[in-house]
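Engineer: Submitted below is the structure of interest, expressed as structure tokens.
The values are calculated or read from the model by the stated rules, or taken from the named source; none is laboratory data. Bear in mind the structure is a predicted one, so any value in this text is a computation, not a measurement. Backbone-built Cβ (ideal geometry, glycine too); neighbour counts: all protein chains shown.
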Amino acid sequence: MGYHWNWGVFASPVPSGETSYLGWMISGFETTLALSLSAWLIALVIGSGMGVLRTVPNRWLAGLAAAYVELFRNIPLLVQLFIWYFVLPELLPAGLGDAYKGTNPLLQQFVAAMVCLGLFTGARVCEQVRSGINSLPRGQKYAGLALGLTLPQTYRYALLPMAFRIIVPPLTSEFLNIFKNSAVASTIGLLELAAQGRQLVDYTAQPYESFIAVTLTFMALNAIVMSLMHLLEARTRVPGSMGT
Amino acid sequence: MIAIKNVSKHYGSFQVLSECSTQVAKGEVIVVCGPSGSGKSTLIKCVNGLEPFQSGEIIVNGISVGDPKTNLPKLRAHVGMVFQNFELFPHMSVTDNLALAQVKVLGRSREEAVQRGHQLLERVGLLAQAEKFPGQLSGGQQQRVAIARALSMDPICMLFDEPTSALDPEMVKEVLDVMVGLAQEGMTMMVVTHEMGFARRVAHRVIFMDQGRIVEDAPKEDFFGAPRSERAQLFLSKILQH
Ligand SMILES: Nc1ncnc2c1ncn2[C@@H]1O[C@H](COP(=O)(O)OP(=O)(O)O)[C@@H](O)[C@H]1O
Ligand SMILES: [Mg+2]
């Protein structure tokens, strides 16, 4: 076959000459990181809030949260992204829509991808939070209320600290998924890591170097997330619980 | 202190409580017994509004529990409750379990709350375990902590739902001793239990429930002397055999 390996390709300048291919990869990595972390923040906040609502006695609130999950879990991610990016700006009131379209296109891509990934993953986080809460003995809620805590206080001090401890492992996989799913943002033109990798393939004759670099970066991200979550799990382990 | 008037509750078509009426005077100790599924837990949870009920009225310290305008958290803060499965918060140390509601509900300072908590731990003989976590204690110790936690709120009355039935036999006594002490100090108590020794020692009245009804509500002497209903006689003979 005679593939010509050339790892030096990363040091060579891109066609415009303003940076090297490594510079492209780094900027892609930064975009992936910023997108995934900001979307994860949204997912955690919305997912926790909705997950709690799914377990409250109020039917309207629980129904609202159930509707959120159904909507965002069942529409394919790519379709959701197109809706956020192409459709929703058209639905804004004229003035607002024009103002939004006048902003930096890169910003628009980023915001659409961030909100999309955040709400999509939030629906999955919501279900984890709900199952975490529901896996606690019913008596825990009674105990909090019987002490005179309000329902929100009972969640805050008694139920959620245990529920979140229980769901660290499934939340870890959702966190990892968000990095993988962030690659769909390239379909609306956002130059995240995978897109930069593809650009490098298009401009050079070194596809393998590019794929390997992208793959290793994702693997490194995985490893970092996993060890952070293990650390978190160890730090929050309850003395006297199983496994200690 | 507690007045229960014609309380009924159903889940769908299933009647859990039918027309239950009784009252607990200040300083009185009432034991509630009856077969499993007869509605004892449900009744006692109605008293502090943990379970809603469809008809009837429950008045605790002059406040109607079923009234939608009642501030239930405020009412519950002064009605202590002890559960079959202890229900301590596993992620908090014993000290924090005792301090939490004192700080968040009663507005005590943390120092005050810890001090009060430690007084009560001393009383139940567990001051040495103050910094441990619930999972590091035996069942009997956990239940004593749970009693101390309820007492830390300075309750006007205490509700117990089978406080010893999840315990190994050798731990039952240490919990009952604490409860007997409370009763002798004049605490108003409503206790669901099958510990007839406890009932004999400190109860003023015994209530027998069956299929959601209060079948018998008699002074202790009468109940143990000759229960009027056949069901109660049968029940008593069964549990006294053990
Ligand atoms: N959430 C519920 N839905 C339907 N039935 C229930 C529910 N909770 C309790 N029950 C039923 O109510 C009855 C009384 O329960 P409970 O008060 O726990 O009895 P006890 O404490 O005397 O054993 C039981 O038959 C139980 O199955
Ligand atoms: Mg019961």
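Engineer: Pairs under 8 Å by beta carbon, first residue farther than 13 Å from B:M209 by Cβ in segment B:226-240, partner of a type in the set (D, E) and surrounded by 18 or more Cβ atoms within 10 Å (Cβ to Cβ), six or more apart or different chains?
Structural biologist: If the second residue must be of a type in the set (D, E) and surrounded by 18 or more Cβ atoms within 10 Å (Cβ to Cβ), the pairs left are B:R228/B:E216.
Engineer: Name the residues in segment B:48-59 that are away from ligand 2 (no atom under 14 Å from the Cβ), within 14 Å of chain A (Cβ to nearest Cβ) and surrounded by 14 or more Cβ atoms within 10 Å (Cβ to Cβ), would you?
Structural biologist: Just the residues of segment B:48-59 that are away from ligand 2 (no atom under 14 Å from the Cβ), to begin with: B:48-49, B:52-59.
From the residues that got through so far, the ones that are within 14 Å of chain A (Cβ to nearest Cβ) too are B:48-49, B:52.
Within segment B:48-59, B:N48, B:G49 meet the criteria.
Engineer: Anything in segment A:143-160 that is within 7 Å of chain B (Cβ to nearest Cβ) and either of a type in the set (F, W, Y) or over 22 Å from B:V82 (Cβ atoms) (or both)? List them, or say none. It would help to see each step written out before you state the result.
Structural biologist: Our first condition is that a residue be within 7 Å of chain B (Cβ to nearest Cβ); within segment A:143-160, this holds for A:143, A:145-150, A:153, A:157-158.
Once the filter is applied, which keeps residues that are within 7 Å of chain B (Cβ to nearest Cβ) and either of a type in the set (F, W, Y) or over 22 Å from B:V82 (Cβ atoms) (or both), segment A:143-160 yields only A:Y157.
Engineer: Please specify each residue of segment A:60-106 satisfying the condition of being of a type in the set (S, T, N, Q) and within 23 Å of A:S186 (Cβ to Cβ).
Structural biologist: Going through segment A:60-106, the residues of a type in the set (S, T, N, Q) turn out to be A:74, A:80, A:103-104.
The answer is A:Q80, A:T103, A:N104.
Engineer: Follow-up. If only one of B:T95, B:T42 is more than 8 Å from chain A (Cβ to nearest Cβ), within 14 Å of the chain's Cα centre (by Cα) and of a type in the set (V, I, T), which one is it?
Structural biologist: On the way: B:T95 fails: within 14 Å of the chain's Cα centre (by Cα).
After applying the criteria, what remains is B:T42.
Engineer: Take the conditions at pLDDT 95 or above, among the hydroxyl-bearing types (S, T, Y) and within 16 Å of ligand 1 (Cβ to nearest atom) and apply them to B:T188. Does it pass? Outline the logic, then answer.
Structural biologist: Details: at pLDDT 95 or above: yes; among the hydroxyl-bearing types (S, T, Y): yes; within 16 Å of ligand 1 (Cβ to nearest atom): no.
No: the conditions fail for B:T188.
Engineer: Tell me, which residue of segment A:133-142 that is closer than 12 Å to A:M162 by Cβ and either among the acidic types (D, E) or at the interface with another protein chain (Cβ under 7 Å from one of its Cβ atoms) (or both) is surrounded by the fewest Cβ atoms within 10 Å (Cβ to Cβ)?
Structural biologist: The qualifying residue surrounded by the fewest Cβ atoms within 10 Å (Cβ to Cβ) is A:P137.
Engineer: Also: Which one of these is crowded, with 16+ Cβ neighbours inside 10 Å and within 14 Å of chain B (Cβ to nearest Cβ): A:F218, A:F164, A:F175, A:F179?
Structural biologist: From the options A:F218, A:F164, A:F175, A:F179, the qualifying one is A:F164.
Engineer: Is it the case that some residue within segment B:159-175 is away from ligand 1 (no atom under 16 Å from the Cβ) and aromatic (F, W, Y)?
Structural biologist: Pass one, segment B:159-175, residues away from ligand 1 (no atom under 16 Å from the Cβ): B:167-175.
Narrowing the set further to residues that are aromatic (F, W, Y) leaves none.
No.
Engineer: Could I ask something else about it? Kindly evaluate B:V82 against the criterion of being among the hydrophobic types (A, V, I, L, M, F, W, C), within 14 Å of chain A (Cβ to nearest Cβ), within 26 Å of A:L160 (Cα to Cα) and within 19 Å of the chain's Cα centre (by Cα).
Structural biologist: Numbers: among the hydrophobic types (A, V, I, L, M, F, W, C): yes; within 14 Å of chain A (Cβ to nearest Cβ): yes; within 26 Å of A:L160 (Cα to Cα): yes; within 19 Å of the chain's Cα centre (by Cα): yes.
Here the answer is yes, as B:V82 does meet what is asked.
Engineer: Another question, then. Of the numbered conditions (1) buried (at least 17 other Cβ atoms within 10 Å of the Cβ); (2) more than 17 Å from B:V192 (Cα to Cα); (3) away from ligand 1 (no atom under 16 Å from the Cβ), B:G62 satisfies every one except a single condition; which is it?
Structural biologist: (1)
Engineer: Which of (1) surrounded by 15 or more Cβ atoms within 10 Å (Cβ to Cβ); (2) within 16 Å of ligand 2 (Cβ to nearest atom); (3) closer than 29 Å to B:E185 by Cβ does B:I239 not meet, given it meets every other one?
Structural biologist: The one condition B:I239 does not meet is (1).
Engineer: With surrounded by fewer than 16 Cβ atoms within 10 Å (Cβ to Cβ) and in contact (Cβ under 8 Å) with a residue 40 or more places away in the chain as the only criterion, which of B:K45, B:K5 stands out? Quick ask: steps written out before the conclusion?
Structural biologist: Details: B:K45 fails: surrounded by fewer than 16 Cβ atoms within 10 Å (Cβ to Cβ).
Exactly one residue qualifies, and that residue is B:K5.
Engineer: Of everything in segment B:34-59, what is away from ligand 1 (no atom under 16 Å from the Cβ) and not small (G, A, S)? Give them in sequence order. Spell out how you get there, then give the answer.
Structural biologist: To start, the set of residues in segment B:34-59 that are away from ligand 1 (no atom under 16 Å from the Cβ) comprises B:55, B:57, B:59.
Selection gives B:E57, B:I59.
Engineer: Exactly one of (1) surrounded by 17 or more Cβ atoms within 10 Å (Cβ to Cβ); (2) out of contact with any helix residue (DSSP H, G or I) (no Cβ under 7 Å at 6 or more places or on another chain); (3) within 21 Å of A:A158 (Cα to Cα); (4) not aliphatic (A, V, I, L, M) is unmet by B:G135. Its number?
Structural biologist: Every condition holds for B:G135 apart from (1).
Engineer: Please go through segment B:16-46 and give me each residue that is away from ligand 2 (no atom under 14 Å from the Cβ) and out of contact with any Ser or Thr (no Cβ under 7 Å at 6 or more places or on another chain), ordered by number.
Structural biologist: B:C20, B:S21, B:T22, B:Q23, B:A25, B:V29, B:I30
Engineer: Let me ask something else about it. May I ask you to verify whether B:L182 is closer than 26 Å to B:R108 by Cα and either modelled with pLDDT under 95 or within 16 Å of ligand 1 (Cβ to nearest atom) (or both)? Working first, answer last.
Structural biologist: On the way: closer than 26 Å to B:R108 by Cα: yes; either modelled with pLDDT under 95 or within 16 Å of ligand 1 (Cβ to nearest atom) (or both): no.
Against the criterion (closer than 26 Å to B:R108 by Cα and either modelled with pLDDT under 95 or within 16 Å of ligand 1 (Cβ to nearest atom) (or both)), B:L182 does not qualify.
Engineer: So, A:V129, is that one within 14 Å of another protein chain (Cβ to nearest Cβ) and touching a residue at least 60 places away in the same chain (Cβ under 8 Å) or not? Lay out the reasoning, then the answer.
Structural biologist: Working: within 14 Å of another protein chain (Cβ to nearest Cβ): no; touching a residue at least 60 places away in the same chain (Cβ under 8 Å): yes.
Spelling it out, it is not the case that A:V129 is within 14 Å of another protein chain (Cβ to nearest Cβ) and touching a residue at least 60 places away in the same chain (Cβ under 8 Å).
Engineer: If you don't mind, there's one more thing I want to ask. When you look at B:G62, is it without any contact (Cβ under 8 Å) to a residue 12 or more places away in the chain, more than 16 Å from ligand 2 (Cβ to nearest atom) and either within 14 Å of chain A (Cβ to nearest Cβ) or out of contact with any Ser or Thr (no Cβ under 7 Å at 6 or more places or on another chain) (or both), yes or no? Explain how you work it out, then say what you get.
Structural biologist: Numbers: without any contact (Cβ under 8 Å) to a residue 12 or more places away in the chain: yes; more than 16 Å from ligand 2 (Cβ to nearest atom): yes; either within 14 Å of chain A (Cβ to nearest Cβ) or out of contact with any Ser or Thr (no Cβ under 7 Å at 6 or more places or on another chain) (or both): yes.
Taking the combined requirement at face value, the residue satisfies it.
Engineer: So, one more: Are there any pairs, at least 6 apart or on different chains, whose C-beta atoms fall under 9 Å, with the first in segment B:133-159 and within 10 Å of another protein chain (Cβ to nearest Cβ) and among the charged types (D, E, K, R) and the second in a helix (DSSP H, G or I) and surrounded by fewer than 24 Cβ atoms within 10 Å (Cβ to Cβ), and if so, which?
Structural biologist: Partner pairs satisfying both residue conditions: B:R149/B:L100; B:R149/B:L120.
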